[in-house]
Amino acid sequence: MLQREGELVEVLRRRLGWDRASEALLGAAGDLGFAEEQVVSPVCAAYALLKLSFQADEVSRLLTWQDFELLAGALFRASGYRVRNNVVLTKPRVQIDVVAEGDSVVLSVDCKHYRREQGPASLERVALAQLKRSRALRRKAGGHKPIASVILSMSEPEGKFVKGVAVVPVRTLRSFLTSLDAYAGCLELR
């Protein structure tokens, strides 16, 4: 077992007791569509902690940025999206953490593993960079579906849009996805 897997499970066990921690892991695995052997993974344990309303900064401390990107992909899949993690485009070279394709829209997602809320200038820089990546995706992918830019964060408050980019905390991702049509006027769609 990897060290951080042990840490995440230990946090669950200390807070809930072994039986309830096991139930929480199994429930998280079911929500994410994970196989039985993935129940004790950092992604599953992190999701279980978030689902139980643990502080995002505590979960973030125990989760690597790579695991956060895997968690993001799992959450999009669980919401019915087709997902590609770590998409690399060339000429110009850009990397998109997650591309999630739904029935009517493609989401170009930048995963930010911040433990604290970012200032306006920092968030604006990140949003502009994500718009640039989304434009590159449109040029390479073609297609007829609109592409919306999203920054998925551990810590940002709900309902923020910066330069036409949705800033979505991981806790509210499912709610955002089910209400995506209502946000169309706030998103810059490519």
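Restricted to Cα atoms, region 36-110 shows a radius of gyration and a Dmax of 13.8, 43 angstrom. Histogrammed with a bin width of 10 Å, the alpha carbon distances of the chain distribute as 9, 37, 34, 16, 3, 0 percent, first bin at zero.
Each Cα pair under 8 Å and six or more residues apart adds its separation to the average, and for the chain the resulting relative contact order is 15 percent.
The alpha carbons of region 133-180 give a radius of gyration and a Dmax of 12.0, 33 Å, in that order.
Taking the Cα atoms of region 3-62, the ratio Rg/Rh between the radius of gyration and the Kirkwood radius comes to 0.92.
With each run of n ≥ 4 DSSP H residues scored as -39500 (n - 2.57), what mean residue ellipticity at 222 nm is computed for the chain after dividing by its residue count and rounding to the nearest 500 deg cm²/dmol? Write down the numbers at each step before the final one.
Numbers: 7 runs with 88 residues, N = 190.
Rounded to the nearest 500, the figure is -14500 deg cm²/dmol.
Binning the C-alpha pair distances of region 75-135 at 5 Å intervals from 0 yields a P(r) profile of 4, 16, 24, 22, 19, 13, 3 %, listed from the shortest bin outward.
Bear in mind that the values in this text are calculations on the coordinates, not laboratory data. Quantities reported herein were computed from a predicted structural model and do not represent experimental measurements.
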